[in-house]
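All remarks here apply to the structure that follows.
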Amino acid sequence: MFNLKKRLGIILSIALALALCVGFMGDSIATNNNHANNTYNGKAPKYVFLFIGDGMSFPQIASAEMYLGQKNGKEAISSEYLSFSKFPAAGTALTFDAESFIPDSASTATSLATGEKTLGGVINMDVTKQIEFTPITEKLKAQGKKIGIVTSVPITHATPACFYAKVPHRNMAYEIGLQLADSGFDYFAGGSFDQPTGKGKDQEHILDIVRSKGYNVVNTKEEILELNSKSGKTVAISPVLDGNAMTYEIDRKPDELALSDFVKKGIEVLHNKNGFFMMVESGKIDWAGHANDAAASIHDTIQFSKAIDEAIEFYNKYPNDTLIIVTGDHECGGMTIGFAGTGYETFFNKIDRVTMSQTEFNKIVKVFKENTTKDKAKLSDLFEDIKNAYGLIAPTDEDAQKEENKSMVLTAYEIKRLEDALKQTMRDVDNRIYTDQEKVMYGSYEPLSITLTHILNNKAGIDYTSFSHTGLPVPVYAIGVGHELFNGYYDNTDINKKIEAITKVK
Ligand SMILES: [Zn+2]
């Protein structure tokens, strides 16, 4: 009896020890992700491109590729690869930050620029907001490389800021702009400056300060097209802006400069015998994600691919000296391909009917609101605008009878959703009271516009789960010197560590 008890005791102790062991092993696996291959013994590339699709993960890329595969009436199930999906190395990166599995662009770009995790909103500082991190751009500048920062959103926005500034919060745009002026970096291009005269609008204009630090500031198409390797330190601002960002690709007129133009010019400005590093952000893939605007997301992702084509053309000339990396910072919107109402089918051709972003349609709604009283507002007064913008057709429209339009005709359920949304649209924004269900339906967006966007998405077989970022991992693609390091499954901080290893910065 005694022996049996003793034996049981021993067995229990061993079992407990084993359980603890397994527990610790589990712990060590969860917290010690040092399996990533971040060592490199080859020669360093002279030219490095880091492309960041803000809010771009697998769904944003895959939907753009499926859309292209079925463009121009092609019916076969086939995806047309974007330029970067054909790169020889592909990996996946986790995006969580120091406080959440769902990060923001400040913490994730800090990870990409410095290899460190921090809190959401923080630009290149630690979680206490006391210790500054040094971005790779500073280290590469010290090595003699020229540095370029290009973005389709404001140049002071979180992602670009992480490649030249250090501030405790991303909303300190004026301070970020001052640090841009002091960076000594060579080429800033795309969007303009937020808070150009400070939060209180009482500071010296940021562009005057930028000029006083020796920058050539240009903002006309002619001046921008004339830029070259002799232009010196340059800030090139898109002549066409929506706020301080470039317009969505879907809204861009053919003769207006695209993100790809700013990359092409950047290569000309930065090209020199010591090499360069260029970070290019497509920032509005994220904004389209927040607005659940699948058509805008797809067109901006395709333009991003065209911007990467410029780097590929350069790589083809200097394959032994160039590295191109393409990734996202986090997913946005919880976009997915597949919707309850369309089951196993998708209809990407319906995206082709969309002629403008939700932001542009908001302008139509604004004019309508200004000219219509609450009690006179009728959905039918907007049918023509809805048809022009989204291709959605009212059942009363004579075009509704045409065979090719059948699937674009609004159903009774969709009309009801739009009428409910119009009621919210016509309310004074300050007095708008949402039920919990309406908060999920509209987020902070213009109720009628977001509902139209949702209806169109769903007809195409696309849906979103959120108006915010999500915790999905992001893909990483690479081509050129050291590209093989980017294969595998690793943390976003490893992307920085790999670039630092390959470029041999200290
Ligand atoms: Zn975002």
Scanning segment 105-136 for residues that are in contact with an Asp or Glu (Cβ under 9 Å, 6 or more places away or on another chain), in a helix (DSSP H, G or I) and hydroxyl-bearing (Ser, Thr, Tyr), which turns out surrounded by the most Cβ atoms within 10 Å (Cβ to Cβ)? Thr110
With Val235, Val167 as the choices, which residue is touching a residue at least 60 places away in the same chain (Cβ under 8 Å) and in contact with a helix residue (DSSP H, G or I) (Cβ under 7 Å, 6 or more places away or on another chain)? Val235
Just to confirm my filter: which helices (runs of 4 or more DSSP H) fall fully inside segment 199-304 and include at least 1 residues that are out of contact with any His (no Cβ under 8 Å at 6 or more places or on another chain) and within 16 Å of the ligand (Cβ to nearest atom)? 284-290
Let me confirm something: among Ile11, Ile77, Ile102, Ile29, which residue is within 16 Å of the ligand (Cβ to nearest atom) and either surrounded by fewer than 16 Cβ atoms within 10 Å (Cβ to Cβ) or at pLDDT 95 or above (or both)? Ile102
Taking the condition part of a loop (DSSP other than H, G, I, E, B) and at pLDDT 95 or above, does Gly177 pass? no
Could you check, for segment 334-351, whether at least one of its residues is assigned to a helix (DSSP H, G or I), surrounded by 13 or more Cβ atoms within 10 Å (Cβ to Cβ) and of a type in the set (Gly, Ala, Ser)? no
Among the residues in segment 206-218, are any small (Gly, Ala, Ser) and over 24 Å from Asp261 (Cα atoms)? yes
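I need a count of the residues in segment 40-66 that are more than 16 Å from the ligand (Cβ to nearest atom) and part of a strand (DSSP E or B).
Selection size over segment 40-66: 5.
The values are calculated or read from the model by the stated rules, or taken from the named source; none is laboratory data. Just so it is clear, the structure is predicted and the values come from calculations on it, not from any experiment. Glycine gets a Cβ as well: all are built from the backbone with ideal geometry, and neighbour counts include every protein chain shown.
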